[in-house]
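The next block holds one structure in the form of structure tokens; read it before the comments.
The values are calculated or read from the model by the stated rules, or taken from the named source; none is laboratory data. Since the structure is predicted, the reported quantities are computational estimates derived from the model, not experimental observations. Cβ: placed from backbone, ideal geometry, glycine included. Neighbour counts: every protein chain shown.
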Number of protein chains: 2
Amino acid sequence: MTREEFSDAVELPVDTMAALERAAGSHRHEVLFSNRAFHIKQSAVRDVFDISVQPGLISLAGGSPYLRSLPLEELGRTAQRILAEHGLEALQYGGGQGMDELRRQACEVMAAEGILDADPADIVITTGSQSAQDVAAKVFCNPGDVILCEDPTYVGALNAFEAYEVDVRTVPMDGDGLIPEALEERIRQLRAEGKTIKLLYTIPSFNNPSGVTLTADRRRAVVEICRRNNILVLEDNPYGLLRFDGEPLAPMRAGNPQDVLYLGSFSKIFAPGVRLGWALIPRHLYRRFYLACEAVVLCPSPLTQMLVSAYLRDYDWMGHVRSSRTLYAGRCSAMLAALADQMPEGVTWTRPEGGFFIWVTLPEGVDTYPLLYKAIEAGTVFIPGAAFRPGEGSSNKLRLAFSAVSAEDIAEGVRRLAPILRAAVDAVKVG
Amino acid sequence: MTREEFSDAVELPVDTMAALERAAGSHRHEVLFSNRAFHIKQSAVRDVFDISVQPGLISLAGGSPYLRSLPLEELGRTAQRILAEHGLEALQYGGGQGMDELRRQACEVMAAEGILDADPADIVITTGSQSAQDVAAKVFCNPGDVILCEDPTYVGALNAFEAYEVDVRTVPMDGDGLIPEALEERIRQLRAEGKTIKLLYTIPSFNNPSGVTLTADRRRAVVEICRRNNILVLEDNPYGLLRFDGEPLAPMRAGNPQDVLYLGSFSKIFAPGVRLGWALIPRHLYRRFYLACEAVVLCPSPLTQMLVSAYLRDYDWMGHVRSSRTLYAGRCSAMLAALADQMPEGVTWTRPEGGFFIWVTLPEGVDTYPLLYKAIEAGTVFIPGAAFRPGEGSSNKLRLAFSAVSAEDIAEGVRRLAPILRAAVDAVKVG
């Protein structure tokens with residue numbers, strides 16, 4: 001089952017979706033759609049996000065951060081003060097690049113990750129990291145241009161890129177991340193086909209969905225290959241600080257100010273609900289990137305910017321990151337233990353060093369999409385692997401998220417999932 | 001002086017902009033930009049927005065709403081309660097279409113404007129109305145497709161559309177708004193050229209920048225012409241409720257659920273800093289529009305959505321709209337009086353029935369762009385008319401905003417502006 005078929009098949013919260021589509025198909029306005037409109041897909045993650053609110057269901061699907069450890073009462077008082085004392089600024093239009101203080105603080109966050117030379121003047125605050133991915137495709141890609149990405153990669157980036165008719169092509173990875181030799185080979189092959197490669201999109205630390213981390217040596221090698229081939233690296237690093245051992249790997253941007261456009265996010269170190277991230281942009285690319293951001297949203301919300309800024313200034317944000325690491329590490333361990341305990345022979349999985357996700361591989365021949373329905377019946381939910389690859393084709397993989405679920409629920413969710421996977425494995429053996 | 005030249009010439013807050021551009025021009029990454037990247041322009045309004053923070057300057061440029069009459073202390077307590085009591089929802093990811101309650105409330109706001117049949121299921125909450133304009137161009141326009149718009153029209157929409165290589169073409173207007181016969185003639189002419197026309201973008205009530213309102217008869221005629229020609233109407237109505245006499249004209253969407261995609265905004269009835277608006281979408285177009293919104297931002301901020309929702313639920317928002325009308329009406333009168341008092345012969349201006357703006361016309365042959373520098377020296381600032389038209393070409397018009405300035409400052413600002421305009425008028429007479 002493909003990504004598109006899944007979207008049509010899954011029962012949507014707006015259950016008239018399919019009917020709407022059929023209605024549009026026969027409407028005289030159908031001819032008004034752009035070519036790119038037909039490349040914009042329903043995200044399987046978002047479908048499952050909606051399903052996951054069913055009572056009693058244990059969701060191993062959504063990559064939501066754990067927020068209960070945030071000091072909500074205190075944050076409420078902070079928001080109260082922002083509105084009472086600086087409401088005219090918080091509620092008015094702001095600058096298109098984002099507030100100076102927050103851009104300075106984004107540099108502090110990046111310094112904690114190992115980027116020591118970031119200049120606030122090279123930063124644009126974006127409406128979540130997603131919006132920066134949208135702008136990157138807009139500013140760099142003509143229809144048919146190639147963005148290289150990991151196989152598997154983040155479904156939201158795939159949706160953003162494909163909306164611009166980008167030809168998204170994958171590069172194989174192993175347990176150490178993107179394989180440099182495979183990257184070089186893919187570049188040669190695509191150039192032989194006459195393709196124009198613009199970007200390499202990568203999540204080097206605790207890749208979503210695989211949990212795999214690109215090693216330090218390979219980070220250098222990959223940037224070097226891209227530099228030689230005049231391909232810009234689009235480094236997406238929302239989980240970088242969430243390395244369980246507390247020692248984040250230096251991002252690819254560290255030491256490479258010219259060849260890496262770095263995307264940061266406040267969603268995982270603070271909260272997604274503020275919808276704020278940032279882009280650190282090579283100076284020679286800054287102006288066009290920034291203008292494109294402004295053309296989409298005018299400015300990021302001053303109110304949520306001021307809240308994030310106050311959080312980074314007045315709270316022990318790094319303490320929260322540290323306790324989040326411990327929490328996520330514990331949940332990851334619980335999931336690994338449950339998998340070891342419950343999974344049938346022939347099923348393997350990754351052992352992430354940070355982030356939110358474990359990537360499970362079933363034997364060749366299993367399609368994980370139809371298993372989702374059975375999982376929902378059994379009271380749990382995951383994301384099928386095909387969601388994380390461009391184009392059509394089924395997948396024998398699936399993503400499990402441990403970030404938002406207690407250790408007990410993780411154990412129970414995996415227990416519910418196990419017989420479904422066992423049956424699928426057995427069916428392939430017999431077949 | 002053209003829009004583009006102006007952007008390069010004006011001293012920007014990021015004063016290295018021009019240098020950056022030159023650096024990019026010679027960088028090996030220059031070839032990485034998409035074709036559309038070269039269509040993305042600096043907004044003159046945003047340039048002037050930055051200049052306007054100079055102390056002592058009276059800005060008649062920015063269309064910022066007046067926020068001092070909002071109950072900021074109370075709003076602070078509301079935000080405090082949202083975070084303390086519903087923080088886990090406010091700070092987490094939310095649904096891509098926006099929250100149910102806010103979509104229902106957007107229907108109430110539209111009902112106050114005269115749209116009585118809006119269904120929350122047809123609404124997407126957007127990151128400001130700007131984001132909906134971006135998505136409209138993305139979903140409907142291939143490069144070279146035409147969007148028709150008023151001459152003049154909103155600069156932010158021009159920037160959003162041109163970023164998709166849309167061929168934006170203008171339709172003449174008079175004191176009653178878009179001229180239906182001119183619209184028909186323009187459609188015939190463009191079709192004869194072989195152009196594909198997708199949308200008519202219009203701000204029918206108190207057009208930005210002209211302040212002109214499309215009459216009720218013409219609203220019907222324009223929608224009918226578009227329906228006959230299979231052109232979708234994109235109705236942008238941020239100021240609709242701000243009609244000075246308290247009787248908003250029914251939007252074009254009222255009674256036309258199939259042929260009008262309606263854009264609403266919380267910026268002018270509440271506050272721009274929350275960056276929230278909405279789109280009411282013909283049902284047969286909903287799915288693709290919504291998916292495109294999601295591909296850009298995943299979801300609008302639950303935190304700011306909950307604040308707006310609480311504002312519409314717990315506060316006398318219509319009372320605030322009523323007092324805003326009175327305030328803006330008074331400021332508009334003050335500006336009209338100052339213009340009558342100060343403007344030299346040969347200068348004319350519009351008499352808006354609502355909204356934020358007055359549109360000033362100088363004699364043919366005057367270019368208002370260079371006058372901006374003189375105005376800044378004299379301690380005031382406006383937006384030159386060329387900003388509000390697609391493409392190149394100078395303009396003998398300029399926009400004055402009365403929304404964010406006291407009656408005293410309006411009088412003083414116009415007094416500072418008058419000798420500059422007088423000199424320009426005299427120069428043309430002599431020439």
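Odds and ends about this structure:
- Residue within segment A:232-247 that is surrounded by fewer than 21 Cβ atoms within 10 Å (Cβ to Cβ), farther than 25 Å from residue A:191 by Cα, of a type outside the set (A, V, I, L, M) and over 22 Å from the mean Cα position of the chain (by Cα) present: no
- Some residue of segment A:343-356 being among the aliphatic types (A, V, I, L, M), modelled with pLDDT under 95 and part of a loop (DSSP other than H, G, I, E, B): no
- Selection within segment B:82-104 - without any contact (Cβ under 8 Å) to a residue 12 or more places away in the chain and facing another protein chain (nearest Cβ under 7 Å): B:84, B:87, B:88
- On the stretch given as segment B:219-254, residues that are out of contact with any Gly (no Cβ under 7 Å at 6 or more places or on another chain), touching a residue at least 24 places away in the same chain (Cβ under 8 Å) and of a type outside the set (Lys, Arg) total 19.
- Filter pass, residue B:421 being outside the structural domain of residue B:167 (by TED's automatic domain parsing), under 26 Å from the mean Cα position of the chain (by Cα) and farther than 23 Å from residue B:156 by Cβ: yes
- Residue check for residue B:163: under 26 Å from residue B:296 (Cβ atoms), touching a His at 6+ places or on another chain (Cβ under 8 Å) and among the small types (Gly, Ala, Ser): yes
- Scan of segment A:188-207 for residues that are farther than 12 Å from residue A:141 by Cβ and either assigned to a loop (DSSP other than H, G, I, E, B) or within 13 Å of chain B (Cβ to nearest Cβ) (or both), ordered by number: A:193, A:194, A:200, A:203, A:204, A:205, A:206, A:207
- Subset of segment A:380-405 [of a type in the set (A, V, I, L, M, F, W, C) and assigned to a loop (DSSP other than H, G, I, E, B)]: A:382, A:402, A:404, A:405
- Residue list for segment B:357-407, restricted to those being on the phi < 0 side of the Ramachandran plot and small (Gly, Ala, Ser): B:375, B:378, B:385, B:386, B:387, B:394, B:395, B:401, B:403, B:404, B:406, B:407
- Condition met for residue B:322 (of a type in the set (Lys, Arg) and either touching a Phe, Trp or Tyr at 6+ places or on another chain (Cβ under 6 Å) or free of Cβ contacts under 8 Å to residues at least 40 places away in the same chain (or both)): no
- Candidates are the residues of segment A:340-386 that are among the β-branched types (Val, Ile, Thr) and within 17 Å of the chain's Cα centre (by Cα); the one that is farthest from residue A:173 (Cα to Cα) is A:383.
- Members of segment A:189-210 found to be at positive phi and buried (at least 24 other Cβ atoms within 10 Å of the Cβ), listed by number: A:206
- Some residue of segment B:111-123 being in contact with a helix residue (DSSP H, G or I) (Cβ under 9 Å, 6 or more places away or on another chain) and within 23 Å of residue A:127 (Cα to Cα): yes
- In segment B:392-404, the residues that are surrounded by fewer than 21 Cβ atoms within 10 Å (Cβ to Cβ) reach residues that are among the β-branched types (Val, Ile, Thr) and assigned to a loop (DSSP other than H, G, I, E, B) with C-beta atoms within less than 8 angstrom, at least six apart or across chains, in these pairs: B:392/B:2; B:393/B:2; B:394/B:2; B:396/B:366.
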